[in-house]
1. Can you pull out every residue in segment 477-510 that is in a loop (DSSP other than H, G, I, E, B), touching a residue at least 40 places away in the same chain (Cβ under 8 Å) and more than 16 Å from the ligand (Cβ to nearest atom)?
2. Are any residues in segment 450-493 under 21 Å from residue 509 (Cα atoms), open to solvent by 40 Å² or more (accessible area, probe 1.4 Å) and either touching a helix residue (DSSP H, G or I) at 6+ places or on another chain (Cβ under 8 Å) or polar (S, T, N, Q) (or both), and if so, which ones?
3. Given the conditions (1) at positive phi; (2) within 13 Å of the ligand (Cβ to nearest atom), and given that residue 464 satisfies all but one, which numbered condition is not satisfied?
4. Kindly list, by first and then second residue, each pair from a residue in segment 400-414 that is assigned by TED's automatic domain parsing to the domain that holds residue 504 and over 14 Å from residue 435 (Cα atoms) to a residue that is part of a strand (DSSP E or B) and open to solvent by 10 Å² or more (accessible area, probe 1.4 Å), limited to pairs with Cβ atoms under 6 Å and residues at least 6 apart or on different chains.
5. Of all residues being small (Gly, Ala, Ser) and on the phi < 0 side of the Ramachandran plot in segment 511-521, which is nearest to the ligand (Cβ to nearest atom)? Just the residue, please.
6. Tally the residues that are open to solvent by 60 Å² or more (accessible area, probe 1.4 Å) and touching a residue at least 40 places away in the same chain (Cβ under 8 Å), restricting the search to segment 284-293.
7. When you go through 551, 533 one by one, which is the residue that is within 14 Å of the ligand (Cβ to nearest atom) and at pLDDT 95 or above?
8. What's the total number of residues in segment 382-420 that are open to solvent by less than 40 Å² (accessible area, probe 1.4 Å) and within 16 Å of residue 363 (Cα to Cα)?
Amino acid sequence: MLYPQENETREVKDLSGVWNFRVDRHSTGRDEEWFRQPLSDTMPMPVPASYNDLTQDITIRDHIGDVWYERTFYVPSSWRGKRVSIRFSSAEHNAVAWVNGREVVAHKGGHLPFAADISDIVTYGAENRVTVVVNNILTWDTLPPGFIRTYDDMNHPPGYRIQEIQFDFFNYSGLSRPVVLTATSPTRIEDIAIRANSEGCTGIVDYAVTTTGDSARITVRILDELGREVAAAAEASGTLKIENVTLWKPGQAYLYTLEAKATVSTGAVVDIYRETFGVRTVRVTDTQFFINDEPFYFQGCCKHEDMDLKGRGLDHALNIKDFNLMNWIGANSFRTSHYPYSEEILQLADRTGMVIIDESPAVGMRSDNPAEPTYSEERISSRTLAHHKQVMRELITRDKNHPCVVMWSVGNEPIVNEPKAGDYWGEVVAETRRLDPTRPVTLVIGDVVKPAECHPFQHVDVMCINRYHSWYSDPGHLELIELQTVAELTPWHEHFQKPLIISEYGADTIAGFHADPPVMFSEEYQVAMLENFHKGFDRLHFVIGEHVWNFADFATKQGVSRVIGNKKGVFTRQRQPKAAAHALRKRWSEPRKKIN
Ligand code: BDP
């Protein structure tokens, strides 16, 4: 799905701002058809933002179920005869939208965009109303999965229920990314797919432009960063060559623009779309990851979209600060743990040369009862699998043209040792490869099992493994980390003959807590722990990357091991460095040394 773009043929109207908001406390809104009339009893609520942390009402923060958003907007008279759409960049997690009381779109799953043609529903040159119900309930059929636990005992009031989640971040909800109106010609460019790589000094650009509406003639040109035309064609799809191509490289981004024009029989240009892309190749061997035929070592931190007050709400200032901090610390990459991040974040990565492992929201895929299997019709079922494939389709449709994305991650820390795990993840990986044969695929695992018991890894190109030595295992024993890293990871490579990224390692650290010799939760402990892991990584030739957990402290559900959230950040939630940030900056600014 193309990003909303404003140009000489396209208009975008941003509906960000303060909307009307109402919590559906008794789940009556849908039956009472609240979308028919303007909502009553509303409070103001910003879009984009998660709503959870913006009131003083704990029952709003922890609400389970529907919330309603509404606002009015004008559609200019000049838009009559155009194709008018409404586009939601994300609604967590399920949503239905009505315009002027008529349903226009329903979407399952947060973090990915959806849109509806509302040309025949809006009133031109007049006020219109959009109403959206957003539901945050997670079930075994959603990604991430979750389930509702209801209690029937003396210790809980009648009907008491909680949302159980098996992932370690707050279940923020709402309209966390922009909502926009777009106006295009009824005959328009629907999608552009670009696959660009290089042979010698020549860029080879396979492209396909699809259109909707009346037939249109498509012409394309490729422009370099100075706006000079470097290739052109008069077909909707084909292969273009860029002589003396400038490659997109980690830390050294170079973006070309593919400009597509749709012309109708009268000779009028009815639509133009300019898609940026980079020319780069990606390749994996049994011990290495190559970008443009140069070995690439992933160094960086996993992240979250997370901040005070606005939760997962899109925040350009925060994103710029985060990219500047990652640059400062010497990070060259990050994983979008544990869900697709905003399109605006990927655009920043394209532009700055940050390398991305793009992850689906499949996190917490594990049975809640160790005596019962995860992969069964009661839990992770054929319904979950069908939805997972749909999510991969939507993710790849959205992100396929970003040069920053070098690998797809199909999920994080599922149960891997049940025999059916091989079938489930095999199917997800196969679908991912069918959709995009150009990028490697990984799965991130966390369980400490023997390699032969990890059924999904036979299907992936790169093994991503999360390890918490001296934290969740052998707490306090920093001296074991190097030994355990080497002893435990070596068999994984021997068994699978694939390269490996340590996709998480870390320690909760309260900024300002000090102890020397180090004790857990002190800044010194976090530094010492990272350093001991690094000694292990540097001894392993098949380790192709290290992603610290986590870039910054973040909000989680409440629990006895979380002190107002997860504190494994090397920056605080307000983006101030802990001692570990300085230590990483030192390591990542020096040339990397492998011992063997
Ligand atoms: C890993 C999870 C991550 C958690 C982290 C932790 O992948 O989401 O936040 O552990 O416990 O298992 O801090």
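1. Initial filter on segment 477-510 (in a loop (DSSP other than H, G, I, E, B)): 477, 497-499, 505-508, 510.
Next, from what is left, pick out any that are touching a residue at least 40 places away in the same chain (Cβ under 8 Å): 497-499, 505-508, 510.
If the condition is that a residue be in a loop (DSSP other than H, G, I, E, B), touching a residue at least 40 places away in the same chain (Cβ under 8 Å) and more than 16 Å from the ligand (Cβ to nearest atom), then 497, 498, 499 are the ones that fit.
2. Result: 473, 474, 479, 482.
3. Among (1) at positive phi; (2) within 13 Å of the ligand (Cβ to nearest atom), the lone unmet condition for residue 464 is (1).
4. Every condition considered, the pairs that remain are 406/282.
5. Here is the first cut: in segment 511-521, the ones small (Gly, Ala, Ser) are 511-512, 515.
Adding the requirement that they be on the phi < 0 side of the Ramachandran plot leaves 511, 515.
On the way: 511: 16, 515: 20 Å.
Ranking the qualifying residues of segment 511-521, first place goes to 511.
6. Looking only at segment 284-293, we keep the residues that are open to solvent by 60 Å² or more (accessible area, probe 1.4 Å), and these are 286, 288, 293.
Imposing the further condition that a residue be touching a residue at least 40 places away in the same chain (Cβ under 8 Å) reduces the set to 286, 288.
The qualifying residues number 2.
7. Details: 533 fails: within 14 Å of the ligand (Cβ to nearest atom).
Of the residues listed, the single one that is within 14 Å of the ligand (Cβ to nearest atom) and at pLDDT 95 or above is 551.
8. Number satisfying all stated conditions: 15.
The values are calculated or read from the model by the stated rules, or taken from the named source; none is laboratory data. Quantities reported herein were computed from a predicted structural model and do not represent experimental measurements. Every residue, glycine among them, receives a Cβ derived from its backbone with ideal geometry; neighbour counts consider all protein chains shown. What goes into the accessible areas is simple: the full protein's heavy atoms, side chains included, and nothing from ligands, DNA or RNA. Shrake-Rupley method; radii C 1.70, N 1.55, O 1.52, S 1.80 Å.
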